[in-house]
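One structure is given here, and the rest of the page talks about it.
The values are calculated or read from the model by the stated rules, or taken from the named source; none is laboratory data. All values reported here derive from a predicted model rather than from experimental measurement. Every residue, glycine as well, gets a Cβ built from its backbone with ideal geometry; the counts of neighbours run over all protein chains shown. Side chains are part of the model used for accessible areas, which takes the heavy atoms of the whole protein and leaves out ligands, DNA and RNA. Shrake-Rupley method; radii C 1.70, N 1.55, O 1.52, S 1.80 Å.
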Amino acid sequence: MSLSDPLGDMLTRIRNAQRARHNSCVAPASNLRVNVLEALQREGYIRGYKREEVRKGISQLHIELKYAEGEPVIREIQRVSRPGRRVYSKIKELPRVCAGLGVSILSTPRGVLSDVEARAANVGGEVLCRVF
C-alpha cells in the first residue's frame, strides 16, 4: 500500500497510540521519519525508537512513547507542510509554538532540526510539524 503522506501517517500513529495510552507504536521506516524521530527524542518528546528489519529491504520503527505522571508528554502533534501544500519559513518569520513551550520540526539544508536548533544555526526551511 502506498501512502501519499508517510510522515503524516507516522504522526497520526503516534497521536493515536498516546490517546490509547500505549507504551509504544510501530511505523514503517524511512530516512525522513528517522530524522524526525531523532529531533523529537533530542527535544524530549519520546523516549526513543528502534529500527528493526522485518524482512530484507523492509524495516519498521518501534517508537517508545513518553508519559509524565500518567499524562502523555505530547499533547498535540500537527502536520504543517503536506504534499498538497508545502510550507516554508525563513528563520526570522518562524513563529514560536505555544509561546515557546512547543517546538516546530524543520527540514533544513543542515538536516532535520527543531526550531530552537534552526535558530541557533540561523537556517530556515520546510516546516514539517508542530509539537506541543
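If you go through segment 8-31 and pick out every residue that is touching a helix residue (DSSP H, G or I) at 6+ places or on another chain (Cβ under 6 Å) and under 14 Å from residue 82 (Cα atoms), you end up with 1.
Would you mention how many residues in segment 50-63 are touching a strand residue (DSSP E or B) at 6+ places or on another chain (Cβ under 6 Å) and either on the phi > 0 side of the Ramachandran plot or open to solvent by 60 Å² or more (accessible area, probe 1.4 Å) (or both)?
Taking segment 50-63 first, the residues touching a strand residue (DSSP E or B) at 6+ places or on another chain (Cβ under 6 Å) are 50-54, 59-63.
Keeping just the survivors that are either on the phi > 0 side of the Ramachandran plot or open to solvent by 60 Å² or more (accessible area, probe 1.4 Å) (or both) gives 50-54, 60.
Count: 6.
All conditions in (1) at pLDDT 95 or above; (2) open to solvent by 30 Å² or more (accessible area, probe 1.4 Å); (3) of a type in the set (D, E, K, R) hold for residue 96, with the sole exception of (1). Of the listed requirements (1) aliphatic (A, V, I, L, M); (2) within 24 Å of residue 106 (Cβ to Cβ); (3) loosely packed, with under 11 Cβ neighbours inside 10 Å, residue 80 misses just one: (3).
Kindly indicate whether residue 30 is open to solvent by less than 30 Å² (accessible area, probe 1.4 Å), among the hydroxyl-bearing types (Ser, Thr, Tyr), modelled with pLDDT of 95 or more and under 17 Å from the mean Cα position of the chain (by Cα). Criteria not met by residue 30. Among the candidates 87, 73, 80, the residue that is in contact (Cβ under 8 Å) with a residue 12 or more places away in the chain and more than 15 Å from the chain's Cα centre (by Cα) is uniquely 87. What residue, among those in segment 33-49 that are open to solvent by 50 Å² or more (accessible area, probe 1.4 Å) and not in a strand (DSSP E or B), is nearest to residue 104 (Cα to Cα)? For segment 33-49, the residue satisfying everything is 43.
The residues of segment 103-125 that are open to solvent by less than 30 Å² (accessible area, probe 1.4 Å) and either within 17 Å of residue 75 (Cβ to Cβ) or among the acidic types (Asp, Glu) (or both), listed by number, are 103, 104, 105, 114, 115.
Restricting attention to segment 64-75 and to residues that are open to solvent by 100 Å² or more (accessible area, probe 1.4 Å) and in a loop (DSSP other than H, G, I, E, B), the residue that is nearest to residue 17 (Cα to Cα) turns out to be 75.
Restricting attention to segment 87-132, the residues that are in contact with a strand residue (DSSP E or B) (Cβ under 6 Å, 6 or more places away or on another chain) and of a type outside the set (Gly, Ala, Ser) total 16.
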